[in-house]
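Have a look at the structure below before the remarks.
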Amino acid sequence: MKALVLLSGGIDSTTCLALAVSKYTTKNVIALSITYGQKHNKELQKAMEVAKYYNIEHYTLNLEEIFKFSNCSLLKHSDEEIPLKSYSEQIQSTNGEPVSTYVPFRNGLFLSSAASFALSENCDIIYYGAHSDDSAGNAYPDCSEKFNNAMNEAIYEGSGKKLKIEAPFVKMNKADVIKLGIELKVPYQLTWSCYIGDEKPCGKCGTCIDRENAFKENNILDPIL
């Protein structure tokens, strides 16, 4: 069994990579990072460090062109500001719509592209780090269990029943992911989550707040702080 892990350099994808390595061994795991026109490349730099830490092959793919029509606040061409408040606060003002940092169908495009690449590399499964906190309140609809199941069926059928996808954390929250990561000895000091991309995390954007709270729930200090 050979696995491809979608690796962003954040907590969830890095834990996903650690899980895949523990199940399939280093020689049977590769990583793919995707750039999409985001405002900073800090996560990509961290993804490279993580892949080096695990001594696995690491590939990159550029999908920036396909997102050039979106005005999502995460994209460098956008005139939207990244919200500096928690996801729960953002969800209260979206009336059931995705938050402004939702990149339209990003995971769908990532998984479809990864599927083509995975087949060329003779992989059997794709891992990605979607978890329940991200899909809560429809903040990121392409992180839900329903989405994952639908994409898995499409990719399995579309690959001639050779490839599956798995979101091992889709029923877990971020604190649960970190709890598992601690058991797997994940190098969280190498990861990056902040949407701003400065020298240090801003501590104010939704993903920074989520990250801080998840470490607190595990009674440990975030190693990057």
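Indicate the gyration tensor shape class of the stretch 132-172 (rounded, prolate or oblate), computed on the Cα atoms with a ≥ b ≥ c the square roots of the eigenvalues: a/c under 1.5 is rounded; otherwise a/b larger than b/c is prolate and the rest oblate.
Since a/c reaches 1.5 and a/b is larger than b/c, the shape of the stretch 132-172 is classed as prolate.
Longest span of the chain, sites excluded, free of chymotrypsin sites (Phe, Trp or Tyr not before Pro) in DSSP loop with at most 16 other C-beta atoms within 10 Å?
Longest stretch, sites excluded: 106-225.
Loop-only check: which trypsin sites (Lys or Arg not before Pro) in the stretch 136-191 are DSSP coil with at most 12 other Cβ within 10 angstrom? Numbers along the way, then the final one.
Numbers: sites: Lys146, Lys161, Lys162, Lys164, Lys171, Lys174, Lys179, Lys185; in loops: Lys161, Lys162, Lys171, Lys185.
Those satisfying the criteria are Lys161, Lys171, Lys185.
Report, for the stretch 3-217, the % of DSSP beta bridges that are antiparallel, rounded to 5.
5
Amide H neighbours of Leu61 under 5 Å, at least 5 residues apart or on other chains, H built in the peptide plane: list them.
Ser33, Ile34, Thr35
Go through the stretch 50-94 and name the GluC sites (Glu not before Pro) that are in a DSSP coil and have 15 or fewer other Cβ atoms within 10 Å of their Cβ.
Taking the stretch 50-94 and a limit of 15 other Cβ atoms within 10 Å, the loop GluC sites (Glu not before Pro) found are Glu80, Glu81.
Based on Cβ point charges of +1 for Lys and Arg and -1 for Asp and Glu, what charge dipole magnitude is obtained for the chain about its Cα centre, in debye rounded to the nearest 20?
Using only the charged Cβ atoms, the result is roughly 540 debye.
By the gyration tensor of its Cα atoms, with a ≥ b ≥ c the square roots of the eigenvalues, what is the shape of the stretch 74-131: rounded for a/c under 1.5, prolate for a/b over b/c, or oblate?
The shape class here is prolate.
Do any of Lys2/Lys52; Lys2/Lys76; Lys27/Lys164; Lys68/Lys171; Lys42/Lys164 go past 25 Å between their Cα atoms, and which?
Lys2/Lys76; Lys68/Lys171; Lys42/Lys164
Going by the alpha-carbon gyration tensor, a ≥ b ≥ c the square roots of its eigenvalues, is the stretch 43-200 rounded (a/c under 1.5) or, if a/c is not under 1.5, prolate (a/b greater than b/c) versus oblate?
Rounded, because the longest to shortest axis ratio a/c is under 1.5.
Readers should treat all values here as calculations from the given coordinates under stated rules, not as data from a laboratory. Keep in mind it's a predicted model, so treat the numbers as computed, not measured. Backbone-built Cβ (ideal geometry, glycine too); neighbour counts: all protein chains shown.
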